[in-house]
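Asks: The structure follows.
Readers should treat all values here as calculations from the given coordinates under stated rules, not as data from a laboratory. Everything numeric in this text was worked out from a predicted model, so none of it was measured. Virtual Cβ from ideal backbone geometry, glycine too; neighbours counted across all protein chains shown.
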Amino acid sequence: MGYSSLTNNWIPAHYSNYTPGRQRPIRAITIHHMAGNLSIEQCGALWQNPSRNGSSHYGIGTDGRIACYVMEENTAWTNSNWNSNCESITIETANDQIGGDWHVSDTALNSLIRLVADIAKRNGLGKLVRGQNLTWHSMFVATTCPGPYLSSKIDYIIQEANKINGQGGEPVDQVLHVGSKVVFNGVFKVDEIILPNSVYPNGSVGCYSTCYGSPVGVNDYIPSGPLSTCNQDGSNANPNGVLKKGGFWRCDKVFTVLAVELPTRYTPNGVAILNADGKNFRVDCGPLKEV
């Protein structure tokens with residue numbers, strides 16, 4: 001198995017920072033950001049520190065170069081979740097902006113897309129699906145990784161990687177229009193919970209992948225009424241289930257877009273205003289699909 005032919009440099013992690021072999025088949029690719037503008041050599045040096053207790057399979061620098069640190073047949077310690085580590089190939093991506101939306105250069109983003117496509121093809125992952133065989137760090141632990149910018153690009157990464165592999169993939173309308181009918185396209189993690197109160201009679205959830213990172217205002221929380229609890233793969237959906245932090249949700253309700261906010265540097269897909277439980281809320285257009 002080894003590593004991708006796209007790799008520019010092999011920088012082996014210290015043997016104490018990963019587990020040889022795998023307990024389960026590879027089922028997913030997980031995206032991370034470095035929370036810094038590290039070169040692939042600097043990232044590799046972290047994993048060569050025997051007391052680091054962490055590693056990743058790959059790293060991508062702002063210049064687009066790719067390094068492998070842990071062979072794909074071995075288990076890197078990246079996702080803060082052992083089950084996920086056992087099933088995932090992980091990629092750390094450098095940021096060319098520190099803080100804010102933790103921006104990633106176009107060169108790094110393009111390398112990430114090519115690497116994701118290559119990993120998926122060689123490991124027989126088939127068509128990439130958001131939240132299933134293409135995942136991100138905050139799905140498994142309370143963190144803002146991979147940052148607002150990469151979180152907003154998940155659908156784009158999937159679309160472009162699927163194109164490379166001849167898996168099709170419908171273009172996503174990233175800027176919707178007033179009156180558009182939309183659904184949430186995928187399975188999402190419950191990152192924060194607000195219990196039922198006078199504002200949210202059914203409670204609400206904070207979801208980092210639908211609002212460019214941690215919610216910053218009350219309107220960034222999604223009313224819980226139309227949401228169903230489910231497994232990470234979307235199965236066993238239960239509209240009467242109790243949403244819990246760290247769990248997963250899906251939503252089959254069709255919403256009407258009430259208003260839109262045009263894309264900015266911090267909201268590159270634009271923002272849609274929807275309504276549920278009598279409460280308007282804001283959501284990144286990226287995870288929405290027009291129907």
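Asks: Treat every Asp and Glu Cβ in the chain as -1 and every Lys and Arg Cβ as +1, leave all other atoms uncharged, and give the resulting dipole magnitude about the Cα centre to the nearest 20 debye.
Replies: Working: 22 positive and 23 negative charges, 111 e Å.
Using Cβ point charges on Lys, Arg, Asp and Glu, the chain gives about 540 debye.
Asks: While we're here: What distance in nm lies between label points placed 7 Å from Cα along the C-beta direction at Lys245 and Val218?
Replies: Between Lys245 and Val218, the simple spin-label model gives 2.1 nm.
Asks: Pick out, in residue order, every one of the chymotrypsin sites (Phe, Trp or Tyr not before Pro) in the range 213-286 that is DSSP loop and has at most 14 other C-beta atoms within 10 Å; say none if there are none. All intermediate terms of the calculation are to be shown ahead of the outcome.
Replies: Details: sites: Tyr221, Phe248, Trp249, Phe255, Tyr266, Phe281; in loops: Tyr221, Tyr266.
Sites meeting the loop and neighbour criteria: Tyr266.
Asks: Determine the shape class of the range 9-164: with a ≥ b ≥ c the square roots of the Cα gyration tensor eigenvalues, call it rounded for a/c under 1.5, and otherwise prolate if a/b is greater than b/c, oblate otherwise.
Replies: Since a/c stays below 1.5, the shape of the range 9-164 is classed as rounded.
Asks: Using just the helices of the chain, give the 222 nm mean residue ellipticity in deg cm²/dmol: DSSP H runs with n ≥ 4 each add -39,500 (n - 2.57), and the total is spread over all residues, rounded to 500. Present the calculation step by step, with values, prior to reporting the outcome.
Replies: Numbers: 5 runs with 48 residues, N = 291.
It comes out at -5000 deg cm²/dmol, rounded to the nearest 500.
Asks: Gaussian network model of the chain, Cα springs within a sub-10 Å range: biggest mean-square fluctuation belongs to which of Ser84, Ser55, Ser180?
Replies: It is Ser180.
Asks: Still on this model: In whole angstrom, and with the biggest value first, how far do the Cα coordinates of the chain range along each principal axis?
Replies: Its Cα atoms span 54, 35, 34 Å along the three principal axes.
Asks: Under the 0.36 nm per residue contour assumption, what length would be gained going from the current alpha-carbon distance of Lys163 and Arg22 to full extension?
Replies: Working: separation 141, 0.36 × 141 = 50.76 nm, distance 2.91 nm.
Working it through step by step, the gained length comes to 47.9 nm.
Asks: Answer with one residue from Ser111, Ser224, Pro146: the one whose Cα lies farthest towards the positive end of the charge dipole of the chain, charges on Cβ with Lys, Arg +1 and Asp, Glu -1.
Replies: Value: Ser224.
Asks: Run through the range 100-158 and list the trypsin sites (Lys or Arg not before Pro) located in a DSSP loop whose Cβ has at most 16 other Cβ atoms within 10 Å.
Replies: Here the sparse-neighbourhood loop sites are Lys127.
Asks: Could you tell me which of Thr256, Gly246, Asn236 has its Cα farthest along the dipole of the chain towards the positive end, charges placed at Cβ (Lys, Arg +1; Asp, Glu -1), taken about the Cα centre?
Replies: Of the candidates, Asn236 comes out farthest on the positive side.
Asks: With the cut-off at 1.5 for a/c, could you classify the range 56-96 from its C-alpha gyration tensor as rounded, prolate or oblate? Intermediate values should be presented prior to the final figure.
Replies: Working: a/c = 3.77, a/b = 1.83, b/c = 2.06.
Because a/c hits 1.5 or more and a/b fails to exceed b/c, the range 56-96 counts as oblate.
Asks: Which of Leu112, Leu195, Leu176 moves most in a GNM of the chain, Cα contacts under 10 Å?
Replies: Looking only at Leu112, Leu195, Leu176, the largest GNM fluctuation is found for Leu195.
Asks: Still on this structure, please answer the following. Please find the FRET efficiency linking Val199 to Trp82, where r is the Cβ-Cβ separation and R0 is fixed at 35 Å, and quote it to the nearest 0.05.
Replies: Numbers: r = 38 Å, r/R0 = 1.08.
The formula returns an efficiency of 0.40 here.
Asks: For Ser214, Ser151, what's the fewest-to-most ordering of other Cβ within 10 Å of each Cβ? Walk me through the intermediate numbers first.
Replies: Numbers: Ser214 16, Ser151 26.
Fewest to most other Cβ atoms nearby, the residues stand as Ser214, Ser151.
Asks: If the chain between Tyr266 and Val254 were fully stretched, how many nm would it gain, using 0.36 nm times the residue separation less the Cα-Cα distance? Could the numbers behind the result be given before it?
Replies: Values: separation 12, 0.36 × 12 = 4.32 nm, distance 2.63 nm.
1.7 nm is the gain from fully extending Tyr266 to Val254.
Asks: Taking H as built 1.01 Å from N, whose amide H comes closer than 5 Å to the amide H of Gly64, not counting residues under 5 places away?
Replies: Those qualifying (amide H under 5 Å, at least 5 residues apart or on another chain) are Ala108.
Asks: In the Gaussian network model of the chain, springs joining C-alpha atoms below 10 Å, which of Gly270, Gly166, Gly147 carries the largest mean-square fluctuation?
Replies: Gly166
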